[in-house]
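Okay, structure first, notes after.
The values are calculated or read from the model by the stated rules, or taken from the named source; none is laboratory data. Because the structure is predicted, anything quoted here is derived from the model rather than measured. A quick note on method: Cβ atoms are made from the backbone with ideal geometry, for glycine too, and the neighbour counts reach across all protein chains shown.
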Amino acid sequence: MLGRVDQQVKFRGFRIELGEIETVLSKCSLIKQVAVIKWTPPESKENGEHEQGLERLVAYVTLNISSVAFQEGGLTTLHLFAKNRMPAHQLPAQYIVVDQLPLTASGKINRQRLPPPTALRPRAREAEEEDEGRFPLSVLLGDVFL
């Protein structure tokens, strides 16, 4: 059985058309080309586990401006641009700037040859790290109810 050809994916309980996200992001004046993928860490693919917290939407972009100019607030600008035009479940978790998108012989974007994203952490770990230095709710409420 072959996968979907139209780039529709299921992500966090929603059916998402990756092309719609690409269309919105391509309207940003900073962007020349864009490709969006749903990325699942290799270790969860090997185990057959597809935990929702591990999957991410990742946008690969080529720029209309120099990389140096983009690094000075470009990611924030791009994320705010997307946030104002798309629902939260469609927002990419990571934007990766590439010099050019890999193409197939027919000139289409070769998504299998996009570099794997790095430094993506599972949401559970992010939440734990955000909570460092805070008291667990059970500790705070323990004094109230005891």
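Could you list all residues from segment 1-25 that are within 12 Å of the chain's Cα centre (by Cα) and at pLDDT below 90?
Phe11
From the list Leu120, Leu75, exactly one residue is in a helix (DSSP H, G or I), among the hydrophobic types (A, V, I, L, M, F, W, C) and either under 18 Å from the mean Cα position of the chain (by Cα) or modelled with pLDDT of 90 or more (or both). Which is it?
Leu75
Among the candidates Ala88, Ala82, single out the residue that is in contact with a Leu (Cβ under 6 Å, 6 or more places away or on another chain) and either at pLDDT 80 or above or surrounded by 15 or more Cβ atoms within 10 Å (Cβ to Cβ) (or both).
Ala82
Could you go through segment 26-36 and let me know if any residue there is assigned to a loop (DSSP other than H, G, I, E, B) and at pLDDT below 85.
No, the conditions are met nowhere in segment 26-36.
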